[in-house]
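Notes to accompany the following structure.
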Amino acid sequence: MKNIRNLVYKELKLLIHPVTIIYFFVSAGMALIPDYPRFIGPFYILVGIMITMSTEAQYRDKEFCGILPVTKAETVKARMIIVILMEMITILASVPTAIAAAALYSDIAEPSMIAPNFIVIAEVLLGYAAANTIMVSANYRKRFKVIVPSIIGMLVYFMLGGFCELFVTALPGMEFMRTNTAADLLRQIPYLIVSLLIYLLAGYLTCRSAIASYEKAEI
Amino acid sequence: MALLEVKNVCKSFEAFELHDVSFEIEPGYIVGFIGRNGAGKTTTIKSILNLTKPDAGTVRFMGRNMCEHESDCKQQLGIVLGEFNYYSDKKLKSIAKVVSRFYSNWSYETYCNYSKLFSLDENKRVKELSAGMKVKFALALALSHDAKLLILDEPTSGLDPVSRNELMDVFRSIVSDGEHSILFSTQITSDLDKVADYVIYIKQGKIIMSGDRESIINGFRLIQGSSDELTPTLKDILIGYNENAFGFTGLIHEEDIQHAEGLRIAKADIESIMLFNEETRKERTMI
């Protein structure tokens, strides 16, 4: 565990690009836009993750980790922790502005998009789960690819987000997923929990498959 | 017990193969690892460090399997893979601070001493360092946690002769207690002549020579003579030779020295042994 802690520290100190912080603010700021697809704001952190992985290649971080007293598995686990950390900060940073948006735009009677609520977080978590599976896994396969898998991951995030918006706004009986009244928020909690479990399970499986690929890879 | 035991390590790539590489390193010795570019030195080192997964064979460090105890083994290893080309935009002090956290035996004092010896400016960024200074920084990091074995891939490349000489002194002082060892690959064979106790010579992925430096050197002789003295019989016996307008120079096994009667005989050095062994044809034509 100590090695993973040190690797996370190394990522924070040497690898994560300072521009990543901007994406936290972008996500938080975009939550304030009225009647807007709210899964788009948290999308930008995926760009931050792609930049971090590109910086890793530029800095030859994998080779450097190879000379440190750590295992390949610990390196992958530390990266997964960093990715989850970045995504969770993005979501948490958006919560205050989402609450503010909910108060500010409560007078919009018929919002065409999902209002700031737990379903937005659920769709973002599902999008992250899919994007992480594609981006992180590819980064530890034979050729350590970053850009193409990242673009695919981002596209999948958008498609999932778009599908959720469409599903919730177009289908009858889904009104409780669109709004943010106290009663509806309570009904949304199980969906949030399920998506969180899917996100964590996807993270775990991605980590396992990335470790298996990385063990065979040549650095 | 050997510090490092490499046994029958094999690794195949499309265009290159490492065949049954085996050697041992005992505590208290400096081992030079030589061979041409692409001969397999870096692949061997990467296989030892588990950066490349060998197809077969085992690597044991202090009696423990390197793959199974990678993290613990690397605590006792100081590793330099050429010049320090990582985190080019970061300051040396930031990198050193991060690295120090990984080693239980890290000594900040030792690190400062090497920084001073190598004239490293802690506030500089990696990209601002010359090639030689990058090597020195990598060495300072590798030497600061009392590693039992230093594995250094081309540590002297890019260093000026004075710095190389200083480094050789550092190497000697590290192994002087009889507990630490150094394995270093190099193209600069004169460094081996200065400090290496043992030499491992790899050619096309195979270890073709391995032993203590004196025995290896004493196993060969350089002979010189006029072109007339280079008879067909002698040509067959010579490991390699080159001919020019003034005569020839060749390398011969010590046990064949009776065939060189009447010729000038000199002690061989690592460079000439490597040069003549690397000839694909026996004859080298001087341009």
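Please determine whether any residue of the range A:6-20 is open to solvent by less than 20 Å² (accessible area, probe 1.4 Å), polar (S, T, N, Q) and either within 14 Å of another protein chain (Cβ to nearest Cβ) or touching a strand residue (DSSP E or B) at 6+ places or on another chain (Cβ under 8 Å) (or both). Taking every residue of the range A:6-20 in turn, at least one turns out to be open to solvent by less than 20 Å² (accessible area, probe 1.4 Å), polar (S, T, N, Q) and either within 14 Å of another protein chain (Cβ to nearest Cβ) or touching a strand residue (DSSP E or B) at 6+ places or on another chain (Cβ under 8 Å) (or both). Considering the range B:119-129 alone, what residues qualify as being of a type outside the set (V, I, T) and in contact with an Asp or Glu (Cβ under 8 Å, 6 or more places away or on another chain)? If the condition is that a residue be of a type outside the set (V, I, T) and in contact with an Asp or Glu (Cβ under 8 Å, 6 or more places away or on another chain), then B:R125, B:K127 are the ones that fit.
The set of residues in the range A:52-67 that are more than 12 Å from every other protein chain (Cβ to nearest Cβ) and either crowded, with 19+ Cβ neighbours inside 10 Å or in contact with a strand residue (DSSP E or B) (Cβ under 6 Å, 6 or more places away or on another chain) (or both) comprises A:T52, A:M53. Within the range A:23-39, identify whether any single residue is within 30 Å of B:L92 (Cβ to Cβ) and more than 14 Å from every other protein chain (Cβ to nearest Cβ), and answer yes or no. There is at least one residue in the range A:23-39 that is within 30 Å of B:L92 (Cβ to Cβ) and more than 14 Å from every other protein chain (Cβ to nearest Cβ). Restricting the range A:21-36 to residues that are of a type outside the set (A, V, I, L, M, F, W, C) and crowded, with 20+ Cβ neighbours inside 10 Å leaves a set whose member that is nearest to A:Y105 (Cα to Cα) is A:S27. When we screen B:R60, B:R101 for residues that are more than 10 Å from chain A (Cβ to nearest Cβ) and basic (K, R), the only hit is B:R60. Can you tell me which residues in the range B:37-49 are out of contact with any Leu (no Cβ under 6 Å at 6 or more places or on another chain) and modelled with pLDDT of 90 or more? Within the range B:37-49, B:A39, B:K41, B:T42, B:T44, B:I45, B:K46, B:S47, B:I48, B:L49 qualify. Might you let me know whether the range A:78-94 holds any residue that is open to solvent by 10 Å² or more (accessible area, probe 1.4 Å), more than 9 Å from chain B (Cβ to nearest Cβ) and of a type in the set (D, E, K, R)? No, the range A:78-94 contains no residue that is open to solvent by 10 Å² or more (accessible area, probe 1.4 Å), more than 9 Å from chain B (Cβ to nearest Cβ) and of a type in the set (D, E, K, R).
For beta carbons closer than 6 Å, sequence separation of 6+ or different chains, a first residue in the range B:57-71 that is over 18 Å from A:I67 (Cβ atoms) and touching a residue at least 12 places away in the same chain (Cβ under 8 Å) and a second that is acidic (D, E) and not in a loop (DSSP other than H, G, I, E, B), the qualifying pairs are B:R60/B:E5.
The values are calculated or read from the model by the stated rules, or taken from the named source; none is laboratory data. Just so we're clear, the structure is a prediction, and the values are computed from it rather than from any experiment. Reconstructed Cβ throughout: ideal geometry from the backbone, glycine too, with neighbour counts over all protein chains shown. The accessibility values were calculated without ligands, DNA or RNA, using every heavy atom of the protein model including side chains. Shrake-Rupley method; radii C 1.70, N 1.55, O 1.52, S 1.80 Å.
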